[in-house]
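The values are calculated or read from the model by the stated rules, or taken from the named source; none is laboratory data. The model shown is predicted, which means the values in this text are computed figures rather than measured ones. Protein only, heavy atoms only, side chains kept; ligands, DNA and RNA dropped before computing areas. Shrake-Rupley method; radii C 1.70, N 1.55, O 1.52, S 1.80 Å.
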Amino acid sequence: MHYSPGAPILHSKDLVNWEYVGHAVPSLDWGNKYNLNGARAYVNGIWASTMRYRKSNGLYYWLGCIDFGTTYVYTSPSPSGPWKLGGKINTCYYDAGMLIDDNDQIYVAYGNSKISVAKLSSDGFSQVSTQQVFTTPSSIGTLEGSRFYKRNGQYYIFMTKPANGQYVIKSSSPQSGYGSAFQVLLNLKSPVSGSGIPHQGSLVDTPSGDWYYMAFIDSYPGGRIPVLAPITWTGDGWPTIQTVNNAWGANYRYPTTPVNLGSTTGKDSFSGTSLGPQWEWNHNPDTTRFSVNNGITLSAATVTNDLYWARNTLTKRIHGPQGTGTLELDFSKMADGDRAGLALFRDKSAWIGIARDGSTNKVQYVTNVNLSTGNGWPTQSTGTVSASQTVSGSKVWLRIKADIAPGGSKTATFYWSSDGNTFSQLGGGFTMNSDWQFFMGYRYGIFEYATKALGGSVKAVSFTTA
Ligand SMILES: *[C@@H]1O[C@H](CO)[C@@H](O)[C@H](O)[C@H]1NC(C)=O
């Protein structure tokens, strides 16, 4: 959505263990609001999008519709990049699903309830034609989130009924002839206690010819997480989920021999001179005000008293179900009035950090950092200092423990340490909000902003997650 770079790409060899490898959209270059500079774009930006590999030219294609207007096409020779803008198409391919046919022709299925299929030019950067192919019957209601496949000469458009169903239509030709929808699931019980129903996502076939459905479940306050189940096909060619006791199974056999990739938790010392692909900025960053060089230096980029207006907040998803994030922060170069630290970042946020006023440094626990839900997401409140304590020295360790399990306590607690060994809790527990409207879950957010004047900075020496 509004996080930059956009469209994170993960890689797996077994569909179970995953690692971040890059982003298809290097920068959200779609207008000033994506820069958090006088305007902002919370919950805008990238919605459901699509990525495919094209054998004929060795390129990966990603496309997505931005702001219900233009569809942007990016390509790269590798999933990890370098990705670059290939073209813009003036039709909004809302919730797009791309198919590259056996003859190399690119099609895109898209739309909400009225589902269309566009045929693209040979380079994939413009539209040749588009045709509505399906109208969702009122007995189903809404269908969107199209995915587009070909199997045994049949074209399949796989669609979601938000947020509790999955349907599919098929035809022997790509742009016409689709019959009525087949129900793949409706109100199927989730394998994760307290979560929503598995839906949306994609069908995937393995090299050995097995099929899987990777859906997601709404698992707030942590966000959406993927779940995987095997698919079998009926005699007349419809995909069926292999259920366990009439529910999405909590465990299935691995699709293939497990291959563990790097751990998604551990210590990140920001080594080298660029950020790893697990990091995303809150909107496009001001690139003149941060530098990575064995640690990341964040110079205050905005004068504000509102974290939601502050540029250059660096975010990372929380690894659940219970996550711990610890920021090692050198605050010696902060300026009078600066605020810097570690946020539990969403539309209802809280943070622990250093407030410098005059020459006094305090560690503060701040709650009520809120956006109003929906309709432009204006700031509702800029925060209340719930607990505060004077600190000395130039370095602090800030820690957040968050129980993001959808069936858990949904509580976070905040700690600080002056030596990295002994941590003290600051303030009481914070109850995370688990509404769906913001779509994305709570993240860790490392921030530094000025309330008086620019000029100060902090250095995040390391960030450790467990
Ligand atoms: C901030 O959001 C929380 C969670 O919804 C709510 O309990 C609190 O009252 C809000 N604070 C303000 C000042 O609006």
Please list 3J(HN,Hα) in residue order for segment 420-437, calculated via the Karplus relation 6.51 cos²θ - 1.76 cosθ + 1.60 where θ = phi - 60°; whole Hz, with x for glycine and proline. x, 10, 9, 10, 10, 6, 10, x, x, x, 10, 8, 6, 8, 10, 5, 8, 4
With only alpha-carbon atoms counted, please give the Rg and Dmax of segment 366-452, in Å. 15.0, 44
Give me the mean projected area, in nm² to one decimal, of the convex hull enclosing the Cα positions of segment 391-442. 4.7 nm²
Restricting to Cα pairs under 8 Å and 6 or more apart, the percent relative contact order of segment 282-369 works out to 18 percent
Viscosity 1.567 mPa s, 4 °C: Kirkwood-radius Stokes-Einstein D of segment 190-292 over Cα pairs, µm²/s: 75 µm²/s
For a distance above 19 Å, tell me the whole-number percent of Cα pairs in segment 1-101 that qualify. 43 percent
For segment 53-156, the accessible surface attributable to carbon and sulfur atoms (probe 1.4 angstrom, ligands and nucleic acids excluded) amounts in percent to 45 percent
Residues meeting the amide H criterion for T91 (H placed from the backbone, H to H distance under 5 Å, 5 or more places apart or on another chain) are T71
Could you tell me, in Å, what Rg and Dmax come out for the Cα atoms of segment 199-240? 12.5, 41
Which of the residue pairs K333/K452; K13/K84; K333/K395; K316/K401; K13/K161; K161/K189 have a Cα-Cα distance greater than 19 Å in the structure shown? K13/K84; K13/K161
Subtract the Cα-Cα distance of M214 and T273 from 0.36 nm times their separation in residues, and report this length gain in nm to one decimal. 17.8 nm
Pull out the extension gain between Q389 and K13, defined as 0.36 nm times the separation in residues minus the alpha carbon to alpha carbon distance; nm, one decimal. 130.6 nm
To two decimal places, what compactness ratio does segment 137-212 give when its Cα radius of gyration is scaled by 2.2 N^0.38 Å? 1.18
Rg followed by Dmax, in Å, when the chain is reduced to its Cα trace: 23.2, 75
